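**Q** Provided herewith is a single structure, encoded as structure tokens, for subsequent inquiry.
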2 protein chains.
Amino acid sequence: MNTIKSISFIGSGNVATNLARAFYAAGVPIDTIYSNTLQNAETLAGIVDAEAINDIENHVFTSDLVVVALKDDVLDKVLSKATIKGSLLVHTSGSIDTATLKKYAGNYGCFYPFQTFRKEVETDFSEVHIFIESNSEESTLKLYNLARILTSKVVEMNSYDRKSLHIAGVGLNNFTHFILSVTRQYCIDNHLKTEYLTNLLTQTVNNSFYIENALSMQTGPARRGDLEVIKDHLERLKNAPKYRKIYKTISQLILDEFHDEKYKL
Amino acid sequence: MNTIKSISFIGSGNVATNLARAFYAAGVPIDTIYSNTLQNAETLAGIVDAEAINDIENHVFTSDLVVVALKDDVLDKVLSKATIKGSLLVHTSGSIDTATLKKYAGNYGCFYPFQTFRKEVETDFSEVHIFIESNSEESTLKLYNLARILTSKVVEMNSYDRKSLHIAGVGLNNFTHFILSVTRQYCIDNHLKTEYLTNLLTQTVNNSFYIENALSMQTGPARRGDLEVIKDHLERLKNAPKYRKIYKTISQLILDEFHDEKYKL
């Protein structure tokens, strides 16, 4: 009774693709893939042996579980056109309050895999935390059992805390990615082998995120308030405008954190 | 002839401490430790069985190698008071032009271990790249042989490229450290276990710094131009001002990179 025996997906993007592939590989039947663009629905449906649709108004979802994996800002628009009969309906978003699904289904919840996904790369879910929430104990148990097929790291979490987690993930993933990918390009443009920086990067991550009071261990020219070195670096970076903008902006953030308002770039 | 048989250090900070300890452990005698503060010199000298001095004007350095490991902005001031007789003189800085040492010694160079150091933590140099440079082939060979005692990763690099490397290291280490340590504190303040974020962090680093054209794989609300989610997050972050400032500033950097000037926070 507490087992999900079939799943449909509303959405065919990075999250839907990786979840559908993983469940299909684990032997859970996938019924239907909806996308606004039929070709996208067909691509994913072809992989997981499902029906592809793009006309949501003329479809009745009856799978045990319907996963809506759309951008937050179109979710309501699409769901208001969907007919969901008896299914448990879950979203996959960090920021949406799960109670907003109440108007679309009697049983509703959240199934939030905390990782970045790309269609091109098959995700190994065994290392991924999945955060679940629902309106009833029975639905939570169903989601727990389903998530456990993919990973042992299943955590029940309410919408308030999940938003905090999402916000932390933005810093950890999006901001770090932005800085590191621009730094990488700077290295390539300046003929520096990325292998020169590997060891420093590894130690940085170990020191920054896993040590008590890590902020007090901040180092570097901005931490020291060494405006002369920073300005010398900014001068050198005149032909690397992307990295220069990051360098100047974040140096100022660090100066603001550790020094008084006289330290301006 | 191409072997360094004794070393003195001008400076007793994080870099000097870690280098002196590592060479001492490898059997290279350490003669003298200079620090402006005698107690600091004595602390390090006690560990590596050396003489501690704080009166540089009444000392003559005669070791095979003199390593000056001071902050860039005091290096000239201290070296101008030092008497160096026949020693090879090297600095350990990413940004200093090695030729500036010419006025202090006949043989001079750079010995730049590319890592962050803390006195409290013993560095395993075997994974650290050391970048060397000098004014003569003979001195370069001596520095190469010396560095090889600590690591197989020894690279000859000129001052121009070394400054590029240092600038890249600032982004990779200082900026990443700042963001991750503040994000960590945000997690702790919001009762989120850091283990929830470990897997995402690992994948982020792998995707950001080691993949071609990583910037094109940027994700997140700022990449999508999703101002509604960003503003919702900033609203939530009103009681987390440090992280809020980072969130707002770097989101704007990403918006600027991927969207037009209408996307302002």
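**Q** List the distances, in nm to one decimal, from the label point of B:Glu228 to the label points of the same position in every other copy, shortest first, placing each label point 7 Å from Cα along the Cα-to-Cβ direction.
**A** With the label placed 7 Å along Cα→Cβ, B:Glu228 yields 5.3 nm.
**Q** Another one. Can you list, shortest first and in nm, the gaps between the label point of B:Thr3 and those of its counterparts in the other copies, using a point 7 Å from Cα in the C-beta direction?
**A** Those label-point separations list as 7.2 nm.
**Q** Next question. How large is ³J(HN,Hα), in whole Hz, for each residue of the stretch A:249-254 in order, when computed from phi with the Karplus curve 6.51 cos²θ - 1.76 cosθ + 1.60 and θ = phi - 60°, using x for Gly and Pro?
**A** 5, 6, 4, 5, 4, 6
**Q** Quick check on the stretch B:137-182: take the gyration tensor over C-alpha atoms, sort the square-rooted eigenvalues as a ≥ b ≥ c, and tell me if it's rounded (a/c under 1.5), prolate or oblate.
**A** oblate
**Q** Given q = 0.08 Å⁻¹, what are the Debye log10 I(q)/I(0) values for the protein assembly as shown, with equal point scatterers placed on the Cα positions and solvent ignored?
**A** The Cα Debye sum returns log10 ratios of -0.61.
**Q** So for each of A:136-148, A:29-41 I average, over its residues, the number of other beta carbons within 10 Å; can you give me the resulting order with the highest mean first?
**A** Highest-to-lowest ranking by the protection proxy: A:29-41, A:136-148.
**Q** What is the antiparallel percent of DSSP beta bridges lying wholly in the stretch B:7-157, to the nearest 5?
**A** Looking only at bridges with both residues in the stretch B:7-157, the antiparallel portion is about 20 percent.
**Q** Relative to the other copies, what are the label-point distances for A:Asp76, with labels 7 Å from Cα along the C-beta vector, expressed in nm at one decimal and sorted shortest first?
**A** 6.3
**Q** Another one. What does the C-alpha gyration tensor say about the overall shape of chain B? Classify as rounded when a/c is under 1.5, otherwise prolate if a/b is larger than b/c, or oblate.
**A** Cα axes put chain B in the prolate bin.
We did not get these values from a lab; they are worked out from the coordinates using the rules stated. Because the structure is a prediction, the values reported are computed rather than measured. FYI the Cβ positions are ideal-geometry reconstructions off the backbone, even for glycines, and counts take in every protein chain you see.
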